[in-house]
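> Here it is, the structure, as structure tokens.
The values are calculated or read from the model by the stated rules, or taken from the named source; none is laboratory data. Note that this is a predicted model, so its numbers are computed, not measured. All Cβ positions, even for glycine, are placed from backbone atoms using ideal geometry, and neighbour counts span all protein chains on display.
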Amino acid sequence: MTRRGFTLVEVLLASVILGLGLAAILVSVSNSQRMLLASTYLETAQEVMDLGDMAYPLSDVQDPDRDLDVGETRATELWDKIAGDMRLSRAQEERLHGYTWERESLNRQDDEESRSRLGGLYTVKVTVRWGDDRRGNHEEESYITFWRKPE
């Protein structure tokens, strides 16, 4: 006499394997969603960096003690400085909300001898910050560039 069908052990083993596979898929989807959100934030941060560089170009700096440092500025203010009368759309305003741009010289206070060792270069750091004040999750992205005083 032969039996047909599966035993209880086989069904349980198949259920465990299926459950592990589904759990792995859910973890992958969750990680993909997190990466997509992070890339969106970084893409917007890059846009804000570009806005800041257009609003306050290094080529316009004449006096590093006065013009090189730019305090933390909201992204919407950068847009207003560049675009003049052209307004942001509501979607653009929402995307840029909470982003700020800042530029600072890291060696402006150094003496002339220290700067001359660098060939008269100023080390300039540009930082974009974003995040939620209420939740306390702030993020930032920065880059360093060099600038030489025009002669």
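> Quick one: in region 104-122, of everything that is in a loop (DSSP other than H, G, I, E, B) and acidic (Asp, Glu), which residue is modelled with the highest pLDDT?
ASP111
> Ok, one more. Could you please find all residues in region 54-98 being over 17 Å from the mean Cα position of the chain (by Cα) and polar (S, T, N, Q)?
Within region 54-98, SER59, GLN62, SER89 meet the criteria.
> Which residues, counting only those in region 41-77, are farther than 13 Å from THR100 by Cα and either among the charged types (D, E, K, R) or not in a helix (DSSP H, G or I) (or both)?
Those that are farther than 13 Å from THR100 by Cα and either among the charged types (D, E, K, R) or not in a helix (DSSP H, G or I) (or both): GLU43, TYR56, PRO57, ASP60, VAL61, GLN62, ASP63, ASP65, ARG66, ASP67, LEU68, ASP69.
> Could you please find all residues in region 134-151 being in a loop (DSSP other than H, G, I, E, B) and touching a residue at least 12 places away in the same chain (Cβ under 8 Å)?
LYS149, PRO150
> What do you reckon, is ARG95 surrounded by fewer than 14 Cβ atoms within 10 Å (Cβ to Cβ) and among the charged types (D, E, K, R)?
Here the answer is no, as ARG95 does not meet what is asked.
> Scan region 24-53 residue by residue and report those that are small (Gly, Ala, Ser), closer than 16 Å to GLY131 by Cβ and in contact (Cβ under 8 Å) with a residue 24 or more places away in the chain.
Selection gives ALA45 alone.
> Can I ask one more? For region 99-117: of the residues being surrounded by fewer than 17 Cβ atoms within 10 Å (Cβ to Cβ) and touching a residue at least 24 places away in the same chain (Cβ under 8 Å), which is nearest to the chain's Cα centre (by Cα)?
Looking at the filtered set, the residue picked out is GLU104.
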